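Dumping the structure here so I can ask a few things about it.
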Number of protein chains: 2
Amino acid sequence: MTRSFSNFLLVSSAAALFSTVALAQTPRVFGYADFSQQAKWDAAFMPVPDAKLAGEHLKTLTAEPHWASSPEDHKTALYVAEKFKAAGLQTEIVPFRVLLNKPVKIEIEAFDAQGKKLMSGPTPEHVDPKEYGGDSFQDDPRILPAFNGSSASGDVTAEVVYANYGTLEDFKKLDALNISVKDKIVLVRYGANFRGVKVYIAQQRGAKGVLIYSDPADDGYTRGDAYPRGPFRPASAVQRGSVQFLPLYPGDPETPGIASTPDLPDSQRITDPAKMNQPSIPSNPLSYQDAAPILQHLDGPLSPREWQGALPFTYHLGGTASVKVHMHLEQDYKLRTIWDVIGKIPGDDPNAWVVAGNHRDAWVYGAVDPNSGTAAMLETVHGLGVLLKQGWKPKRTIVFGSWDAEEEGLMGSTEWAEMHAAELSHAVAYFNTDVGVAGPNFDASAVPSLKEFVREVTREVPSPKGGTVYDQWLNDQHEGAGRRKAPARNRHDANAEDVQIGTLGSGSDYTPFIQHLGVPSTDIGSQGPYGVYHSTFDDYNWFIRNADPTFVYEQQQARVFGLEVLHMADADVLPYDYKLYGSEIGSYLTEARTRATEAKMQVDFSAAATAAKRFAAAGERAYRLQSAPTQGVDAAPLNAALRNAESALLNDAGLPKRPWFKHTIYAPGEFTGYAAVVIPGVNEGIDEADNARTQAQLDALAAALNRSAAILEGAAGL
Amino acid sequence: MTRSFSNFLLVSSAAALFSTVALAQTPRVFGYADFSQQAKWDAAFMPVPDAKLAGEHLKTLTAEPHWASSPEDHKTALYVAEKFKAAGLQTEIVPFRVLLNKPVKIEIEAFDAQGKKLMSGPTPEHVDPKEYGGDSFQDDPRILPAFNGSSASGDVTAEVVYANYGTLEDFKKLDALNISVKDKIVLVRYGANFRGVKVYIAQQRGAKGVLIYSDPADDGYTRGDAYPRGPFRPASAVQRGSVQFLPLYPGDPETPGIASTPDLPDSQRITDPAKMNQPSIPSNPLSYQDAAPILQHLDGPLSPREWQGALPFTYHLGGTASVKVHMHLEQDYKLRTIWDVIGKIPGDDPNAWVVAGNHRDAWVYGAVDPNSGTAAMLETVHGLGVLLKQGWKPKRTIVFGSWDAEEEGLMGSTEWAEMHAAELSHAVAYFNTDVGVAGPNFDASAVPSLKEFVREVTREVPSPKGGTVYDQWLNDQHEGAGRRKAPARNRHDANAEDVQIGTLGSGSDYTPFIQHLGVPSTDIGSQGPYGVYHSTFDDYNWFIRNADPTFVYEQQQARVFGLEVLHMADADVLPYDYKLYGSEIGSYLTEARTRATEAKMQVDFSAAATAAKRFAAAGERAYRLQSAPTQGVDAAPLNAALRNAESALLNDAGLPKRPWFKHTIYAPGEFTGYAAVVIPGVNEGIDEADNARTQAQLDALAAALNRSAAILEGAAGL
C-alpha cells in the first residue's frame, strides 16, 4: 500500500511533465549525456496522439472484413499510406506474391454409430439481435467461412479421438492410455500451444485430420459473460488461424530466406511440399456449438479429469465407432498479392534503422487484432509528423511497417525483412505491436537488452487509471500475483521486484527481426478480457463495448510506442542493457544444466558456462561505459559494437531441423509455437535426450557468446 | 513402488492368517497380555461374514423406499430384528415419538421480469430407460417429493441471490459486494458445509427462503459419467436432506437432552420454536435441471469466478427483478413413531458396553446410505452369532443399534443415547458406520485414543484388491497425495507417515455418543465415486453397477466392524491411546494460540497449555502401563480410569449457545456442521474475536484436561 502511494506521487510529477514544456529538472535517462533536448521533443510529441482520431482510424480500418490479399485489405493499405504521407513520411506500398489458401468449400459433418447426423457445419457465427443488441457486423456476405490458413484440402472420414489441448504431453498421455490417433480425426481444444503445433504433432502420429475448437472453459462462459453481454466467446464464434508449421519457418511457404517480390522467378520457389512449413492433412477450427455434438457422443475411456472442459457433459476419449466425422475442405491455393505499407523518416544516419511495425490484415474485422495496434501506430506517426513540422530530424532513420498477411504466417513482415536483410543486419531495433489494445492492462515482451528501456518509456506516459503506465503495470502484476502464478516466461528476469517483461516467442511480426536477423526487439500492447480472438466478433462494436470505449488506451499505446521510437532514434548511446542480458543467459544455462543432469545426459556445459560468464562480464563493462556518455565524443564505435554484439548471437547454421531460426538464445519452441524456448538448440536437445545434438548446440552457443563478448570487450577497450 | 511390493507380502501372510486356525505366531496386540485366544476367536469369526448374504440383505432392505416412520421403514426394522435374533442377540424394537415433517405440497416456480414462467418444479427424478438401461426403481409412487427435513412450511415469493456454497465466508463476500440477502430467496449449491448451516446463516441475515441445488461441478458430469452411464449425479437427481440446526443439537427438536419415549408427557417438550434447532424459513433442495433456469436468468454483478459451477452459462449474483421465485411448501409436522432395533450380547461385565450402530432409515432406497452399512452390520452379527454357538462369551456387553430417523437429524441414536445416558457414561466405545460401502476405498474417523486401534484391526483384514485393508488404505492415501492435498481434518495427526484418520465432526450417529456423552468413538466405511447421495438413484441398481457388484467390500466392512467389536469387548486392558490424544490436543492449542495472536486477542493460554502438557504426560505413562498388561492382574481399576479420562473431558455447561455439546475437544462447527472444530469453545471464541468468551473456554478446557490427567495419574499410581 505504501508502494501505491508513492506511485501516486510519481504520477503527478509525470503528468506535470507533459502539461508544460518548461521542465524544472531533467531526469537522467540511460543512453543520453543530456536528456534536456530529448525531453523537449518528448513534451512536444506527447499531446499529439489523439484518442478521438485513433477511434476514427479504428472505425475506418474495421469497417469491412479485410482478409489479406482482398480488395478491402488493399483499401486499408491505401488508408494507412495516406496517413503516413500526411505526416510527412516517405511512403510506399510494397507488394509481395505469397502462397495463400482461400476456402472454397468447408464442410464438417458428424454421424453417430447408426449413421444419424449429429451436426453439419460450420454454423455461421451469429448472436441473437434480441440479446443485448446483438452485433450489426455479423451478417456481411464477405465474411469467409471459418478456416485454418495453411490447412490442406482433403475429403476424409474417420473416427474421432479427443486430445485435450493437443500438446506433446497430451499426445503422450494418449499413448500411455493406448489410444492411437492413427487414421483418426483428432479433436483438440484451443489453448496451451500454437494451433499449428497441434496439427504438426497429430500429423506426425498419422492422424487423418484435425478439428480445433474453443472450449468455454478457456475463453467462454466460464471466464465471464459471453458477447454481446460481455467480452467472452459466444457459442457460435470460431477462432480462425494459421496452422502453418511456424516453428520451422514463417512467411511465404515457398520462399524461406528469400523475399517473395512480384518479380521473383518461379524457379526460386520450393516446389516439394515435404520441404515446406505446411501440413499435409486437413484441419479446421470449430465453435463449441459445432464441436459439442461431436464431443458429447464420443465414448471410449473417460478422459483424464483435467481434460474436462466446460461443456455440460462428461468428456470421453473416443477412438471408437460411436462418432464418425466427415471433413471436406477445398482450399484454393495460389500466389496472391499482399501489400505492406512502408513509411520512412530519414535520419542523420541513413544506415541505422529504427523499425516499428504492426500488421494490418485481419481474419475478419480485426478490431483488436490487429487494428487497435494500427490505429495507435497511426497516432504515433501523427505525433512524429508534428515534430517534423517543428524541425525535428532524428539521428537515426525511422521506418514504419504496416505488415500484411501476418495472420497467414507473418508473411508481410517476413518477406520484407528477408528483402532488407542487409540493412537490417545493423538496424538498431524492431518495435512490434500486434494487439495494441484489448483492455486496460499494459504488458510487454522484449529481449533482455531492451527490458529496462521499455520500463523507462512507460515511466514517462500517464495512465488513464492515474499514475504512469509503469505504475499501473507494476500494480497489475502485484495484484495478479495473489490470484495467479507469475507467467513462466518471466521467471528468468533478474529484476524480480520490478515489472516482469516476457520473453519473445512467436506468433507475431518480431520473429523475422529478432530470431532470423538479430535485430533487438520488443512487443507491447494493452491487454484485457478478450474472448472473441480471430472471430467475426472482434469488431468495432465489441471494441467500444469492452476494450476501450473512449480510446484512451489507444492514446496511451500511441504514446508508449512513440517514445520507444523517439528514444531509440535519438539516444546518444544505444540503450541496450547487456548486463541483464548476461545474467539472464547465465540463468538459462544453469536451468538447462539441471535438466540435463536430471535426464542423466553426458554433456559438458563448461565451455558454454565460461563463455556466458565472459559475455556477462563484458556486458557489465559496456553498461558502465554506456552509463556515462560524454557529449561531443563520437559514440559511433561503441554503438556499432553494441549492435553487433546482438548479431554475433546468431548462428548461421540455424537450429537443427529449422535452419531459418538463427538466434542462439531465443526461438519459438518446436512443440509450443507461441512460447519461446530459451537457448533453444540446447534445451530441445535435452528434450530429446540427444547427447550429441545437445553438445553441438552447447558448442555453437559458446562460440556465439564468445563472439559477442569479444565485440563488447573491443568496444570497452579491453 | 517398493512399498506396494512389501504390502503384497504382508497380504499373503494376512490371508494365510485366516485360511487356517493353526497360527504359527501370535502378534502382540495393544491391550492384550496374550493375544493367542483372541486370535482364535478372530480366526473363527473371519470366514463367516458372507458377501452373497450381504448382497441379499441389501436387496431386501432397499426393495422399497423406507423413509423414517413409514410402514416400509417398520418392515426393515422387523427384518433387522429377525437377523439379530437368529444370531442369538437379545433383541428389542425400541420406539420413539419424534417431531418429523412430511411434505404435503412442494411447489417451486420461477418467473422472469416479464412474469414469464422459467421453471415449475420440482421435476420428478428420472433417467431415460433408453440410456444404459435406465433405472427400474425410479417410478415407485411411494417416493416422496424431494424435500428438506426440518424445513418450515411457507408460501414466499422473492427475488433471488446466488450465494455459492452458502458458507459464512460466502455470505461475507456478498456483504463486501453490497449484495443483501434480506427478503430474498437464497440459491446455494451443495458442498463445503452442512446444508442446515446454509439455512442457519441465510435465516440470520433475513432471507425469506433457501433453495439448495447440486452443481454438476461438485458431483455431476464434471466429476465423471452421470448415472446410469456412471456413478455421478444425473440432471434430475436431487439431494434430499435435513436442514436441522444440527450444530445446536441433534435429535427430536422438542426434547434436547431427554428421550422421546412414547410415554414422555407433552409437558416435557419444548414448545417455543425459537428455542428449537429448526429453521423458521422454508428451504428445499433442487436438481440442477430445475436450478439451471433460475441461475441462468439471474443478472446483477458477475459472480466471483471461483463461484462459477459447471452449468453452461456465466453465473451472476442476482438480487434484482430479473428472476422471482415462488416457493410454496406445506409440511405436515407431527409426532411420528420411529423404531430403533437393539440387539445385545451380554458380557461378563454387564456395565461395560461396547456399542456398535448404523442407521437404517433412508431418504428413498438408501442402498449406499445407509443400508450398505446395515447389510455389513448384519453379517458382523452373523459372525458373532457363530462365535456364540461355539461358546464364546465376551468380557464386556455388546450392544448393536439399528438407528431410525438419522436422516432427519440423528433422531434414533440421539433419543436412545439420551435414554441410556447413565449406562453410556461408562460405555467403552461406540463404533459407527453409516455409508458402509460406496466403493473400494476404506476410510475412517476416530477420536485420537482409538486411531491406532482402527489401524490395528485393518491390518488383520484382507482386501479384495490384495494385501490387507490397511495396506490398501495407506496406498490410496499415498497415491492420492500426488493429486490432492491431505484433508485438513487430518493435519493434527502425529503419525504423519501412517494412514491418516479423520476427526469426528457430525452428520452421523456418533455425535450423541462422543460429543454429548463422551463415549470414545470411531466411524468407518469404504468410499468411492458416489454422486447419487440422497437421491432416488441411491438404490440397488446403482450399487451393483458402481459400488460393489460382488459385495466383497461389504464382506470386508463386516469383518473390520466385527474385529472392532470383538477386540474392544475382549481386550484385557482398554486399548485407548492417550499418548497420541495428548499430542494432538497439544497441537490444537498451539494452532489456536497462533490464531489468537494473529487476531491480536488478549487471552492467556498458559493454564490450558500447562494442563495439556500434564494430560499428555499422564497419557504417556498410562500408555506404558497398558503396553505391558499382566495376565491375571485385575485390570478393572486401570480400565475404569482409562474410560473415565474421556468423560472428564466433558464440560457439563456445554458450549456457548449450544449446551447440548459437552465435549471440550470435539464438536461440529457452528458454521460447518459436518466438519469438526477442535477445542471448539476456544476456536469459536477466537473466530468471533471474543476475549472474554475465549478465556472462559480456555479455563474450562484447562479444567477438563486437569480432571482427565488426574484420573490417568491416579491409575498410574502417581
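The values are calculated or read from the model by the stated rules, or taken from the named source; none is laboratory data. This structure is a prediction, so every number in the text was calculated from the model and none was measured. For neighbour counting, all protein chains shown are included, and Cβ atoms are generated from backbone atoms with ideal geometry for every residue, glycine included.
Determine whether B:Pro231 is out of contact with any Ser or Thr (no Cβ under 9 Å at 6 or more places or on another chain) and within 26 Å of A:Thr314 (Cα to Cα).
Working: out of contact with any Ser or Thr (no Cβ under 9 Å at 6 or more places or on another chain): yes; within 26 Å of A:Thr314 (Cα to Cα): yes.
Considered against the rule, which asks whether it is out of contact with any Ser or Thr (no Cβ under 9 Å at 6 or more places or on another chain) and within 26 Å of A:Thr314 (Cα to Cα), B:Pro231 comes out as yes.
So that you can scan it fast, the table gives a plain yes or no per residue for (1) of a type in the set (Ser, Thr, Tyr); (2) at positive phi; (3) surrounded by 15 or more Cβ atoms within 10 Å (Cβ to Cβ); (4) in contact with a Phe, Trp or Tyr (Cβ under 7 Å, 6 or more places away or on another chain):
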| site | (1), (2), (3), (4) |
| --- | --- |
| A:Leu264 | no, no, yes, no |
| A:Asp272 | no, no, no, no |
| A:Ile281 | no, no, yes, no |
| A:Ala292 | no, no, yes, no |
| A:Gln296 | no, no, yes, yes |
| A:Ser303 | yes, no, yes, yes |
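Between a first residue in region B:368-380 that is more than 16 Å from B:Gln527 (Cβ to Cβ) and outside the structural domain of B:Leu563 (by TED's automatic domain parsing) and a second residue that is modelled with pLDDT under 95 and surrounded by fewer than 24 Cβ atoms within 10 Å (Cβ to Cβ), which pairs have beta carbons less than 6 Å apart while being 6 or more apart in sequence or on different chains?
No pair meets every condition.
Looking at (1) of a type outside the set (A, V, I, L, M, F, W, C); (2) farther than 21 Å from A:Gly714 by Cα; (3) buried (at least 20 other Cβ atoms within 10 Å of the Cβ), which is the only condition A:Asp604 fails?
Going through (1) of a type outside the set (A, V, I, L, M, F, W, C); (2) farther than 21 Å from A:Gly714 by Cα; (3) buried (at least 20 other Cβ atoms within 10 Å of the Cβ) one by one, A:Asp604 breaks only (3).
Same structure again: In this structure, does A:Ala207 turn out to be more than 14 Å from chain B (Cβ to nearest Cβ), touching an Asp or Glu at 6+ places or on another chain (Cβ under 8 Å) and either at positive phi or modelled with pLDDT of 95 or more (or both)?
It is true that A:Ala207 is more than 14 Å from chain B (Cβ to nearest Cβ), touching an Asp or Glu at 6+ places or on another chain (Cβ under 8 Å) and either at positive phi or modelled with pLDDT of 95 or more (or both).
Shifting gears a bit: Taking B:Pro637, is it farther than 24 Å from B:Glu591 by Cα, at pLDDT below 95 and not charged (D, E, K, R)?
Values: farther than 24 Å from B:Glu591 by Cα: yes; at pLDDT below 95: yes; not charged (D, E, K, R): yes.
Yes.
Just checking, does region A:236-253 include any residue being more than 14 Å from chain B (Cβ to nearest Cβ) and without any contact (Cβ under 8 Å) to a residue 40 or more places away in the chain?
no
Counting just the residues of region A:529-565 that are among the acidic types (Asp, Glu) and closer than 27 Å to A:Gln138 by Cβ, which one comes out surrounded by the most Cβ atoms within 10 Å (Cβ to Cβ)?
Filtering region A:529-565 for residues that are among the acidic types (Asp, Glu) and closer than 27 Å to A:Gln138 by Cβ, the one surrounded by the most Cβ atoms within 10 Å (Cβ to Cβ) comes out as A:Asp538.
Every residue, every condition in (1) within 22 Å of the chain's Cα centre (by Cα); (2) within 28 Å of A:Arg233 (Cα to Cα); (3) crowded, with 20+ Cβ neighbours inside 10 Å, yes or no:
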position	(1), (2), (3)
A:Asp155	no, no, no
A:Val160	no, yes, yes
A:Ala163	no, yes, yes
A:Glu169	no, yes, no
A:Leu174	no, no, yes
A:Arg189	yes, yes, yes
A:Phe194	yes, yes, yes
A:Val197	yes, yes, yes
A:Ile201	yes, yes, yes
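For (1) within 14 Å of chain A (Cβ to nearest Cβ); (2) in a helix (DSSP H, G or I); (3) more than 26 Å from B:Asn178 (Cβ to Cβ); (4) touching a strand residue (DSSP E or B) at 6+ places or on another chain (Cβ under 8 Å), each residue gets a yes or a no:
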{"position": "B:Pro262", "(1), (2), (3), (4)": "no, no, yes, yes"}
{"position": "B:Gln278", "(1), (2), (3), (4)": "no, no, yes, no"}
{"position": "B:Ile294", "(1), (2), (3), (4)": "no, yes, no, yes"}
{"position": "B:Ala321", "(1), (2), (3), (4)": "no, no, no, yes"}
{"position": "B:Glu330", "(1), (2), (3), (4)": "no, no, yes, yes"}
{"position": "B:Asp361", "(1), (2), (3), (4)": "no, no, yes, yes"}
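Another question, then. Quick test for you: out of A:Val381, A:Val399, A:Val368, A:Val341, pick the one residue that is more than 14 Å from every other protein chain (Cβ to nearest Cβ), touching a helix residue (DSSP H, G or I) at 6+ places or on another chain (Cβ under 7 Å) and assigned to a strand (DSSP E or B).
A:Val341 is the lone residue from the list that is more than 14 Å from every other protein chain (Cβ to nearest Cβ), touching a helix residue (DSSP H, G or I) at 6+ places or on another chain (Cβ under 7 Å) and assigned to a strand (DSSP E or B).
Continuing with the same structure: Starting from region A:581-595, take each residue that is among the β-branched types (Val, Ile, Thr) and list its partners that are assigned to a helix (DSSP H, G or I), counting only C-beta distances under 9 angstrom and pairs at least six apart or across chains.
A:Ile585/A:Pro448; A:Ile585/A:Ala612; A:Ile585/A:Phe615; A:Ile585/A:Ala616; A:Ile585/A:Leu701; A:Ile585/A:Leu705; A:Thr590/A:Ala609
Considering each residue of region B:124-175, count those that are in a strand (DSSP E or B) and either β-branched (Val, Ile, Thr) or modelled with pLDDT under 95 (or both), and give that number.
Adding up the residues that qualify gives 4.
Any residue that is of a type outside the set (Lys, Arg) and touching a His at 6+ places or on another chain (Cβ under 7 Å) - is there at least one of those in region B:632-651?
yes
A further question on this structure: I need the full set of residues from region B:505-524 which are of a type in the set (A, V, I, L, M, F, W, C) and part of a loop (DSSP other than H, G, I, E, B), in order please.
B:Leu517, B:Val519
If you go through region A:303-319 one residue at a time, how many are out of contact with any Gly (no Cβ under 6 Å at 6 or more places or on another chain) and in a strand (DSSP E or B)?
Final tally of qualifying residues: 0.
So which of B:Val127, B:Val80 ends up being within 25 Å of the chain's Cα centre (by Cα) and among the β-branched types (Val, Ile, Thr)?
Matching residue, one of B:Val127, B:Val80: B:Val80.
Could we say that A:Glu64 is surrounded by fewer than 17 Cβ atoms within 10 Å (Cβ to Cβ) and at pLDDT 95 or above here? Spell out the reasoning first.
Numbers: surrounded by fewer than 17 Cβ atoms within 10 Å (Cβ to Cβ): no; at pLDDT 95 or above: yes.
Judged against the criteria, A:Glu64 is not a match.
Please find, within region A:210-225, the residue that is nearest to the other protein chains (Cβ to nearest Cβ) out of those that are part of a loop (DSSP other than H, G, I, E, B) and acidic (Asp, Glu).
A:Asp225
Right, next: Quick one: would you say B:Gly121 is modelled with pLDDT under 95 and either under 24 Å from the mean Cα position of the chain (by Cα) or assigned by TED's automatic domain parsing to the domain that holds B:Ser322 (or both)?
yes
Another question, if that's okay. Please go through (1) of a type outside the set (Val, Ile, Thr); (2) surrounded by 24 or more Cβ atoms within 10 Å (Cβ to Cβ); (3) closer than 30 Å to A:Phe84 by Cβ for A:Lys334 and return the number of the only condition it doesn't satisfy.
(2)
Determine if region A:554-570 includes at least one residue that is part of a loop (DSSP other than H, G, I, E, B), out of contact with any Cys (no Cβ under 8 Å at 6 or more places or on another chain) and either among the β-branched types (Val, Ile, Thr) or over 22 Å from A:Leu410 (Cα atoms) (or both).
No.
Any idea which of A:Gly357, A:Gly347, A:Gly300 is in a loop (DSSP other than H, G, I, E, B) and more than 14 Å from every other protein chain (Cβ to nearest Cβ)?
None of the other options fit; the residue is A:Gly347.
Out of B:Glu418, B:Glu460, B:Glu408, which single residue is buried (at least 24 other Cβ atoms within 10 Å of the Cβ), out of contact with any Cys (no Cβ under 6 Å at 6 or more places or on another chain), in the same structural domain as B:Ala77 (by TED's automatic domain parsing) and over 13 Å from B:Val565 (Cα atoms)?
None of the other options fit; the residue is B:Glu408.
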